[in-house]
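In what follows, a single structure is set out as structure tokens and then discussed.
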Amino acid sequence: MHAEIVVLPGDGIGPEVTAAAVEVLRAVAKGFGHCFGFHEHRIGGAAIDAIGSPLPEETLLACRTADAVLLGAVGGPRWSDPGASVRPEQGLLALRQALGLYANLRPVAPHPAALGAAPIKPHLLAGVDLLVVRELTGGIYFGDKQRTPNDASDLCRYSVGEVERIVRRACQLARVRRGKLTSVDKANVLETSRLWREVATRVARDEFPDVQIEHQLVDAMAMHLLARPREYDVIVTENMFGDILTDEASMLAGSLGLLPSASLGDGRRGLYEPIHGSAPDIAGRGIANPYASILSAALLLRHSLDLRDEAECVERAVAEALHAGALTADLATTTPPLSTRAATRAVLAQLCEERQPIVMRD
Ligand code: IPM
Ligand code: MN
């Protein structure tokens, strides 16, 4: 198949980890006989420095016409002056909104080899396999913002339609997993959460009788996620709760450097990025964990290109690399850590092994 992929390296470790993912995608194209075109564009701080805008017109245009977008990370201390009127993060938020990517999928399935790095007792982690579905284009992230010298406000707003479509997406995903949906809100305090709970209950009851829905308050959820993570299948929640809970959930997997994400709308086009940030403290040193970006590329293959075998092949290659002890600094507790390059090579080596029969036939 032929596909055009826009690559937005962004800031900090973004360029290092997206380079690793592109290398893996090139190997997949070669091994399976596909033709992927890669087109690099600026976003975030790098775009502010170059042309003064965190989401240049030409970047947005390229994303709109691509089959999929692979993003690294945005942000860094250089652009985080509280008084600044233009910020790298605005580029990412505007892109998510412009492309209508309201559903952010964040799978969490710890690999045994990474459990040594997790700050949670190993017996709680065996068998954890959950998927957080975060609403991505509404809520407090996108409401009116006001600022006077004396006060500030951020409006949190959700419409019935916005809640319906994200809950539907979560139910569809739960249906092909273990059939269990946990909707997370703060309905004891927030009006938006009361609407969320009402709509979630109705959608699940009327349209997905095969999905079992339960509701959790977000504060309790933060606790349950660590105390009994195995019990969760699909978790659906609003934008900011999802942001916070997935950083927490990354500790179940051992490192923030392992979690990928897919941001989807109604069509096939999607944006794929690690859930981690730009990690300015380690940027440029060649030691960042490339696995979250590589696993995001696997989600791109699955969701935007419908290449399921290829996606599984990449996921298996990462699992095998982990299994073989290819651990970067965030994961290595007892062995010397691998560089970004070495970890990427470990994945490529596994990929080649898996694809050998077809590569040879080619
Ligand atoms: C994420 C990030 C972003 C968010 C930032 C960079 C705007 O934390 O993707 O989780 O808050 O959505
Ligand atoms: Mn986040």
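At-a-glance table
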item: Student exercise, the chain dipole from Lys, Arg, Asp, Glu Cβ charges, in Debye to nearest 20; result: 440
item: Helix-only CD estimate at 222 nm, as mean residue ellipticity for the chain, using -39500 (n - 2.57) per DSSP H run (n ≥ 4); result: -14000 deg cm²/dmol
item: DSSP-defined beta bridges in segment 177-299 - what % are antiparallel, rounded to 5; result: 35
item: Most fluctuating residue given options Cys313, Cys63, Cys171, as computed from a GNM of the chain linking Cα atoms under 10 Å; result: Cys313
item: Percent antiparallel among DSSP beta bridges (both partners in the chain, rounded to 5); result: 35
item: Residue-by-residue Karplus 3J(HN,Hα) for segment 95-107, coefficients 6.51, -1.76, 1.60, Hz, glycine and proline x; result: 5, 4, 5, 4, 8, x, 8, 8, 10, 10, 9, 10, x
item: Prolate/oblate/rounded label for the chain (Cα gyration tensor, a/c 1.5); result: rounded
item: Inter-part distance where segment 326-350 and segment 90-137 are each reduced to a Cα centre, Å; result: 21
item: Choice from His323, His41, His123 showing the highest fluctuation, given a GNM over the chain with Cα pairs closer than 10 Å; result: His123
item: Packing rank of 197-204, 280-287, where each peptide gets the mean count of other beta carbons within 10 Å, highest leading; result: 197-204, 280-287
item: Under-5 Å amide H pairs with Ile275, H placed in peptide plane, nonlocal only; result: Leu259, Ser261
item: For segment 119-253, size of Cβ-based charge dipole, Lys and Arg +1, Asp and Glu -1, in debye; result: 340
item: Virtual spin-label span in nm between Arg147 and Glu57, 7 Å along Cα→Cβ; result: 2.7
item: Qualifying chymotrypsin sites (Phe, Trp or Tyr not before Pro) for segment 144-245 [loop in DSSP, other Cβ within 10 Å: at most 12]; result: none
item: Listed residues Pro107, Pro122, Pro88, most fluctuating in the chain (Gaussian network, C-alpha, under 10 Å); result: Pro122
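Every number here is computed from the coordinates shown, using simple stated rules; none is lab data. Every value quoted in this text rests on a predicted model; they were computed, and no experiment measured them. Backbone-built Cβ (ideal geometry, glycine too); neighbour counts: all protein chains shown.
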